[in-house]
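Some notes on the structure that comes next.
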Amino acid sequence: MSPEISSQLTILTDPAQDAPTPGGVYLLRIQIAEPLSVVFGRFRKGAVISLSAGEYVYVGSALVGLGRRLLRHATRLDGSAHPVRPVLVDHFGLTPPSAKRLRWHVDYLLDRPEASLTHIVAIKTERPIESSIAGWLMAHPDTWIPATGLGASDDKGHTHLLGVAFGSSLWQELGVGDWESGRVGE
């Protein structure tokens, strides 16, 4: 996968992809400035989940409309922007959504003022590799699970929102290896 890289957006193209695709899988790099408690919609029947300050990664997919999905994540409910949004507007040539409702678990976190979406790694692909990437992230020695199943309603046995240890090499490892087998950083 040869990347297109900026300080806030990395776009990889799946080498198994024969033609350009409008969709893909993505990882959101999220910074939480201070400890917070979040209700992630109906996750665990509305239970409060405590998150410590630090860095988190969320894996998701948009097999059609990747740019729109990323721009949506980079926009808060009140319309304000996360730091990465201007780069997305420029790269995809799209305008931010005029209205948004909280839908996915990660939306509840990204709407909090303590949370900041700082970088996105996107993999342009038609293959359903989100679960493999989540499995690789869960097995990575520098990640930890804040709540089993969080962000993964459609992927039983996995968690799609994970904490990342301070000083981790995770971000340097991304973009190297075999995504389909889950051996991403090897």
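The values are calculated or read from the model by the stated rules, or taken from the named source; none is laboratory data. Remember, predicted model here, so these are calculated numbers, not experimental data. Heads up, the Cβs are rebuilt from the backbone with ideal geometry, glycines too, and the neighbour counts pull from every protein chain shown.
Scanning the range 116-147 for residues that are closer than 14 Å to Leu27 by Cα and assigned to a helix (DSSP H, G or I) yields Glu130, Ser131, Ser132, Ile133, Ala134, Gly135, Trp136, Leu137, Met138. For Glu130, the criteria (1) charged (D, E, K, R); (2) more than 20 Å from Asp107 (Cβ to Cβ); (3) buried (at least 18 other Cβ atoms within 10 Å of the Cβ) hold in every case but one, which is (2). Reported count of residues in the range 148-168, each being in a strand (DSSP E or B) and out of contact with any Ser or Thr (no Cβ under 7 Å at 6 or more places or on another chain), is 1.
The one condition from (1) without any contact (Cβ under 8 Å) to a residue 12 or more places away in the chain; (2) under 11 Å from Ile30 (Cα atoms) that Pro113 does not meet is (2). Taking first residues from the range 148-161 that are within 17 Å of Leu102 (Cα to Cα) and partners that are of a type in the set (Val, Ile, Thr) and assigned to a loop (DSSP other than H, G, I, E, B), the Cβ contacts under 7 Å between residues at least 6 apart in sequence or on separate chains come to Leu150/Thr159; Gly151/Thr159; Ala152/Thr159. The condition (being modelled with pLDDT of 95 or more and not aliphatic (A, V, I, L, M)) is satisfied by just one residue among Ser153, Ser116, Ser169: Ser116.
The C-beta contact set for the range 38-61 (first residue farther than 11 Å from Leu150 by Cβ and surrounded by 14 or more Cβ atoms within 10 Å (Cβ to Cβ), second residue polar (S, T, N, Q) and modelled with pLDDT under 95, distance under 8 angstrom, 6+ apart or interchain) comprises Glu55/Ser168. Here His140 clears all of (1) in contact (Cβ under 8 Å) with a residue 60 or more places away in the chain; (2) surrounded by 19 or more Cβ atoms within 10 Å (Cβ to Cβ); (3) closer than 26 Å to Ser7 by Cβ except the condition numbered (1). Only one of the numbered conditions (1) in contact with a Ser or Thr (Cβ under 7 Å, 6 or more places away or on another chain); (2) small (Gly, Ala, Ser); (3) surrounded by 22 or more Cβ atoms within 10 Å (Cβ to Cβ) is violated by Ala81, and that is (3).
Can you give me the ranges of the strands (runs of 3 or more DSSP E) entirely in the range 3-104 with at least 3 residues that are out of contact with any helix residue (DSSP H, G or I) (no Cβ under 6 Å at 6 or more places or on another chain), modelled with pLDDT of 95 or more and closer than 22 Å to Thr143 by Cβ? Please lay out each step first, then the result.
Numbers: elements: 9-13, 24-32, 36-39, 48-51, 54-62.
Once the strands (runs of 3 or more DSSP E) in the range 3-104 are filtered for at least 3 residues that are out of contact with any helix residue (DSSP H, G or I) (no Cβ under 6 Å at 6 or more places or on another chain), modelled with pLDDT of 95 or more and closer than 22 Å to Thr143 by Cβ, what remains is 24-32, 48-51, 54-62.
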